[in-house]
Structures are given as C-alpha cells and as structure tokens.
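Heads up: the structure comes next, in structure tokens.
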Amino acid sequence: MLFDSHMRALLAASVALVNALTDGEARGRRYLAPEGADRVEAVRAALSAGTDLGLDAADQLAGTARALRVVFEAVAADRLDDAAPTLNALLRDSGARPQLDRAPGQPWQVHFHGADDSYAVGWSAGCATGLAMALGGDYAGRLGVCAAPRCDRVYVDTSRNAGRQFCSTACQNRVKAAVFRARRAGGEEE
Ligand SMILES: [Zn+2]
C-alpha cells in the first residue's frame with residue numbers, strides 16, 4: 001500500500017506527538033514530557049501549529065499521544081489484538097470521518113476530520129486514522145519503538161526495505177559505537 005502525502009503527514013504527526021508528549025527515555029536519557037506552557041510549545045513544534053494553540057488543546061493532545069504510544073508499543077511487541085481496540089476507541093472518541101477537501105487549484109483529496117474541527121479533535125482523529133490505515137494494511141509492521149538501549153521513542157518505517165530499528169540516526173550511531181567498543185575490547189583481551 002502506498003501512502004499519499006496526507007497519510008504520511010498523519011503518521012509523521014503521530015510519531016512527533018508521541019515522542020514529544022509521553023514520558024520515558026529518549027536517546028539514552030530519561031525523558032519527562034513537558035507541561036504547561038512548555039507543553040504548548042512542544043505541540044506547536046510537533047505539528048507546526050499556529051500561535052493560537054491553547055493549553056486545553058495541548059493537554060488534550062497529550063492524552064491522545066499517550067493512547068497512540070500504547071498502539072506503537074503493542075504493534076512493536078506483535079500484540080495487534082491490543083493495538084486495534086485502542087485505536088478503535090480513539091477513532092470513536094474523536095468522531096473520525098473522511099471528508100473531501102481541496103486547496104485552490106488542486107484536485108479533491110480525502111482528508112480525515114474529527115467530530116468537530118477544533119485543533120485537538122481534528123489532529124486526534126487524523127492521527128488515529130493514519131495509524132488505523134497502517135495497522136489495517138500492509139504497514140502494520142512499520143510501526144516501531146526504538147531498539148537502542150535506554151530509548152523508547154517511536155517511529156514509522158517508511159523506507160523501501162523496511163529495515164528500520166531506531167528512532168533516529170543518533171540512536172543508530174550510539175548502538176554502532178557500542179558494538180565497535182565491544183569488539184575492540186574483545187580484541188584486546190585476546
Ligand atoms: Zn532511540
């Protein structure tokens with residue numbers, strides 16, 4: 001299944017929200033999700049949101065991010081039966097629905113909206129739909145949690161060969177360096 005740009009944007013937004021707004025570990029360090037005004041900033045950065053984003057919307061999206069993390073972790077552990085009901089609940093709660101939208105001069109495209117067009121509900125519905133389309137299609141195995149030590153940031157593998165394991169090149173390099181050090185230490189002992 002090929003994803004159009006709208007679907008890719010929704011998957012990227014899901015990843016950005018989970019990684020910015022959920023506690024855990026990131027690239028070798030403890031990660032505490034920001035709160036208050038910092039949370040608003042984090043959402044703004046994750047979604048390239050406008051300046052009118054409020055704390056209520058940011059808090060709502062933090063709740064969505066925690067639910068989306070449950071989905072990523074379940075899929076990464078091959079527990080699709082746990083991931084699906086979580087996504088279904090999110091689709092139901094946000095009132096996710098398709099709608100044809102058109103930018104001036106562009107063809108009509110299917111976009112996903114929520115029960116209302118408020119910022120938080122709209123993005124919650126969109127992200128839930130993006131992950132549902134991935135999980136229910138050939139992209140189920142593409143949702144992942146970083147395999148590096150002390151990191152639980154998530155990713156969607158959109159590479160052609162589906163070989164991604166890490167959230168970032170930073171983590172990939174950390175693991176490579178550790179393997180290199182281990183090999184060298186092993187060599188010196190011989
Ligand atoms: Zn990582």
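Can you name every residue in segment 146-165 that is free of Cβ contacts under 8 Å to residues at least 24 places away in the same chain and in contact with a strand residue (DSSP E or B) (Cβ under 8 Å, 6 or more places away or on another chain)?
Residues satisfying the conditions are Asp157, Arg164, Gln165.
Within segment 61-79, identify whether any single residue is surrounded by 11 or more Cβ atoms within 10 Å (Cβ to Cβ), hydroxyl-bearing (Ser, Thr, Tyr) and touching a residue at least 24 places away in the same chain (Cβ under 8 Å), and answer yes or no.
Looking through segment 61-79, at least one residue is surrounded by 11 or more Cβ atoms within 10 Å (Cβ to Cβ), hydroxyl-bearing (Ser, Thr, Tyr) and touching a residue at least 24 places away in the same chain (Cβ under 8 Å).
Can you tell me which residue is nearest to Ala147 (Cα to Cα) among those in segment 5-29 that are basic (Lys, Arg) and within 13 Å of the ligand (Cβ to nearest atom)?
If we take residues in segment 5-29 being basic (Lys, Arg) and within 13 Å of the ligand (Cβ to nearest atom), then Arg27 is nearest to Ala147 (Cα to Cα).
Does any residue of segment 135-144 turn out to be within 16 Å of the ligand (Cβ to nearest atom), touching a Phe, Trp or Tyr at 6+ places or on another chain (Cβ under 6 Å) and not hydroxyl-bearing (Ser, Thr, Tyr)?
yes
Kindly indicate which of Ala58, Ala83 is at pLDDT 95 or above, more than 16 Å from Ala128 (Cα to Cα) and crowded, with 19+ Cβ neighbours inside 10 Å.
Criteria check complete, one pass: Ala58.
If you scan segment 121-145, which residues turn out to be of a type in the set (A, V, I, L, M, F, W, C) and without any contact (Cβ under 8 Å) to a residue 60 or more places away in the chain?
Ala125, Ala132
Got a sec? Which of Arg8, Arg44, Arg27 is surrounded by 12 or more Cβ atoms within 10 Å (Cβ to Cβ) and farther than 19 Å from Ser124 by Cβ?
Arg27
Within the group Ser118, Ser168, which residue is surrounded by 13 or more Cβ atoms within 10 Å (Cβ to Cβ), within 16 Å of the ligand (Cβ to nearest atom) and touching a residue at least 40 places away in the same chain (Cβ under 8 Å)?
Residue meeting the stated conditions: Ser168.
Give segment 1-37 a look and list any residue that's over 20 Å from Ala132 (Cβ atoms), of a type outside the set (Gly, Ala, Ser) and within 11 Å of the chain's Cα centre (by Cα), or say none.
Those that are over 20 Å from Ala132 (Cβ atoms), of a type outside the set (Gly, Ala, Ser) and within 11 Å of the chain's Cα centre (by Cα): none in segment 1-37.
The values are calculated or read from the model by the stated rules, or taken from the named source; none is laboratory data. Since we're looking at a predicted model, the values are computed, not measured. Note that each Cβ is placed from the backbone with ideal geometry, even for glycine, and that neighbours are counted across all protein chains shown.
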